[in-house]
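Student: Have a look at this one.
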Amino acid sequence: MEREKISPMSKNRKIVIAAVFAVLVLLVGFLASVFLNPTRLQFANECLRFVSDVYSVGKEKAALRKPNVYMPFGEALALYCQSFPSLQAHLGMKDIDRIIFSDDKFSNARLPKIFAREPFVTYVIICEGEANTRYQGGFLDFGYELDWDYEASLPAENVWQLRFHSDGESRHLATIRMDPNRQLTRDEMLEIAAVRRDAASGANPATTNMNDDESGKGN
């Protein structure tokens, strides 16, 4: 009686099935060893968190380079810079050359809502002629830089240059022009000072609850 011949295609199919089965067995064994071993499980969680951070940061970087995001942000930074001497007075910081805002849970320098970008920890440094923001996500940080362009500015118009910085590189985004007399209102500055005092005393952990629509009105 003749033996049934096995076609080469059938042999290849069996080899592929066996290989897939072997890979699945190894994968199940690896996953079991990870989830049953606390140290390996922690390592796997850290790897997943890092991948998630990189993905989130990539999306946020793309968003921050869009005009509908960076233009209002840049104008707010310029407004805070132009209000710097008055902010110093309201905050009792006349001898300090910069004002720092942050939504870091360990910081009392409460961040105005217009600058917040959840879930990233945000730092905003305001000076009279420049501002800098940093968003921290995992092992990465990025943000905006704003500088007063004194050569292009006129008595009736301040000119500001907005850039995006990331990974040691800086990219120009926009030129912002603003009336030199435009500042935060007195009420807005008083609210910033009040929230900062409350945060320092532990009375109010929330970020500054400023009405963004009111920003930019004259005193």
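Student: With the condition kept exactly as written, say whether any residue in the stretch 170-183 is closer than 22 Å to residue 129 by Cα and either part of a helix (DSSP H, G or I) or modelled with pLDDT under 90 (or both).
Tutor: Yes, the stretch 170-183 has at least one match.
Student: Could I ask something else about it? So residue 143 passes all but one of these: (1) buried (at least 18 other Cβ atoms within 10 Å of the Cβ); (2) modelled with pLDDT under 95; (3) on the phi < 0 side of the Ramachandran plot. Which condition number does it fail?
Tutor: It is condition (3) that residue 143 fails.
Student: Another question, then. Name the residues in the stretch 139-174 that are among the polar types (S, T, N, Q), free of Cβ contacts under 8 Å to residues at least 60 places away in the same chain and over 26 Å from residue 120 (Cα atoms), would you?
Tutor: Result: 153, single match.
Student: Let me ask something else. (1) part of a helix (DSSP H, G or I); (2) closer than 24 Å to residue 122 by Cα; (3) modelled with pLDDT under 85: which one isn't true of residue 26, the others all being true?
Tutor: (2)
Student: When you go through (1) within 24 Å of the chain's Cα centre (by Cα); (2) over 15 Å from residue 71 (Cα atoms); (3) free of Cβ contacts under 8 Å to residues at least 24 places away in the same chain one by one for residue 192, which number turns out not to apply?
Tutor: Single failed check for residue 192: (3).
Student: Restricting to the stretch 156-169, give me the number of residues that are in a loop (DSSP other than H, G, I, E, B) and either at pLDDT below 85 or closer than 14 Å to residue 131 by Cβ (or both).
Tutor: Number satisfying all stated conditions: 2.
The rows are residues; the columns are (1) at pLDDT below 90; (2) in contact with a helix residue (DSSP H, G or I) (Cβ under 6 Å, 6 or more places away or on another chain); (3) not in a loop (DSSP other than H, G, I, E, B).
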site	(1), (2), (3)
59	yes, no, yes
62	yes, no, yes
71	no, no, yes
76	no, yes, yes
80	no, no, yes
95	yes, no, no
106	yes, no, no
109	yes, no, no
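The values are calculated or read from the model by the stated rules, or taken from the named source; none is laboratory data. Every value quoted in this text rests on a predicted model; they were computed, and no experiment measured them. Here the Cβ is made from the backbone with ideal geometry for all residues, glycine too, and neighbour counts use every protein chain on show.
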